[in-house]
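The block underneath contains the structure these notes are about, expressed in structure tokens.
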Amino acid sequence: MQRLQDRVAVITGAGSGIGLATARRFAAEGAKVVCADIDEESGAKAASEVAGLFVKADVTSEDDVARMYATAQETYGSVDIAFNNAGISPPDDDSILETGIDAWRRVQEVNLTSVYLCCKHVIPYMRRQGKGSIINTASFVAVMGSATSQISYTASKGGVLAMSRELGVQFAREGIRVNALCPGPVNTPLLQELFAKDPERAQRRLVHIPVGRFAEASEIAAAVAFLASDDASFITGSEFLVDGGISGAYVTPF
Ligand SMILES: NC(=O)c1ccc[n+]([C@@H]2O[C@H](COP(=O)([O-])OP(=O)(O)OC[C@H]3O[C@@H](n4cnc5c(N)ncnc54)[C@H](O)[C@@H]3O)[C@@H](O)[C@H]2O)c1
């Protein structure tokens, strides 16, 4: 499929995981991809793999975010797709009883303030074009509670979901679609390591997922490509769950 032929896409956190898989998928569908990441090595590697452009950017810095879109516009002539995906989930963000204010604030900055900055700076380009698709990465924890809490992470993703919905409504008549992507748990090196060490813990988690496994990053990327494309032309302000059925489950099969 070449649904993104000649579209210009900016991906934050493109050096790893979901961002990297999406850079690959966007490029395969014909997009020109700007790979932004705070990590120079992985970001530059992703950009060279997809024959795109690397921009070193810290998404918590307003100057970096503004420069990232300006560079995309100057290099390729438009900014059609923004995948605001960079995020963190550090171990010192835990139960509310343990999580200190510094850890709370850091996660809010990287996961939520960054999305505010990215949307604020990309929407003016899209308004001038009369067209654009923004996909903000939230999480299934934006719609469900977990007893194994990461309190700032969960609150940040709830914020991303509410902000995306409101922007989707506000800019709908200007041809700009804004959706919140809510992935379920993804098969990452970190999870693999944890589960190799502790199969019982792995089983305790997997029991909640109707499909009985975690997502592959490429499966999340496929959903992002759909939301970015004109195939999703009537989808905006949505809570787009790609979660293997977790959020719909009461009891799962054996
Ligand atoms: N992995 C999962 O199970 C899962 C589930 C639901 C939602 N998510 C969300 O998906 C997004 C991507 O997750 P992932 O698993 O691919 O993570 P990852 O850690 O593999 O990749 C995140 C990328 O973001 C970059 N980054 C971190 N801080 C940054 C900053 N300040 N500025 C610019 N770049 C920065 C990192 O360098 C890294 O390349 C995150 O928002 C995450 O919360 C992940």
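The table for this structure:
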read-out	value
Among residues of the stretch 131-169, those that are open to solvent by less than 40 Å² (accessible area, probe 1.4 Å) and either more than 15 Å from Pro185 (Cβ to Cβ) or not in a helix (DSSP H, G or I) (or both), counted	18
Test: residue in the stretch 101-109 that is under 28 Å from Phe234 (Cβ atoms), in contact (Cβ under 8 Å) with a residue 12 or more places away in the chain and surrounded by 22 or more Cβ atoms within 10 Å (Cβ to Cβ)	no
Filter pass, Ala9 being away from the ligand (no atom under 15 Å from the Cβ), closer than 25 Å to Leu112 by Cα and open to solvent by less than 50 Å² (accessible area, probe 1.4 Å)	yes
Any hit, the stretch 63-82, residues being within 13 Å of the ligand (Cβ to nearest atom), assigned to a strand (DSSP E or B) and at pLDDT 95 or above	no
Boolean, Ala31 is in contact (Cβ under 8 Å) with a residue 24 or more places away in the chain, closer than 23 Å to Asp231 by Cβ and surrounded by 23 or more Cβ atoms within 10 Å (Cβ to Cβ)	yes
Hey, Ala72 of a type in the set (Gly, Ala, Ser), farther than 19 Å from Ala221 by Cβ and open to solvent by less than 30 Å² (accessible area, probe 1.4 Å) or not	yes
Residues within the stretch 41-59 that are within 14 Å of the ligand (Cβ to nearest atom), part of a loop (DSSP other than H, G, I, E, B) and within 26 Å of Ala223 (Cβ to Cβ), tallied	2
Cβ pairs under 7 Å, 6+ apart, first in the stretch 75-92 and open to solvent by 50 Å² or more (accessible area, probe 1.4 Å), second assigned to a helix (DSSP H, G or I) and modelled with pLDDT of 95 or more	Ile88/Val107; Ile88/Val110; Ile88/Asn111; Ser89/Tyr153; Asp92/Ala103
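Yes/no per residue for (1) within 15 Å of the ligand (Cβ to nearest atom); (2) among the hydroxyl-bearing types (Ser, Thr, Tyr); (3) under 15 Å from the mean Cα position of the chain (by Cα):
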| residue | (1), (2), (3) |
| --- | --- |
| Ile135 | yes, no, yes |
| Val160 | yes, no, yes |
| Ala172 | no, no, no |
| Ala180 | yes, no, yes |
| Pro183 | yes, no, yes |
| Pro189 | yes, no, no |
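The values are calculated or read from the model by the stated rules, or taken from the named source; none is laboratory data. Quick caveat, the model's predicted, so the values are computed rather than measured. Note that each Cβ is placed from the backbone with ideal geometry, even for glycine, and that neighbours are counted across all protein chains shown. The area values use the complete protein model at the heavy-atom level, side chains included, leaving out ligands, DNA and RNA. Shrake-Rupley method; radii C 1.70, N 1.55, O 1.52, S 1.80 Å.
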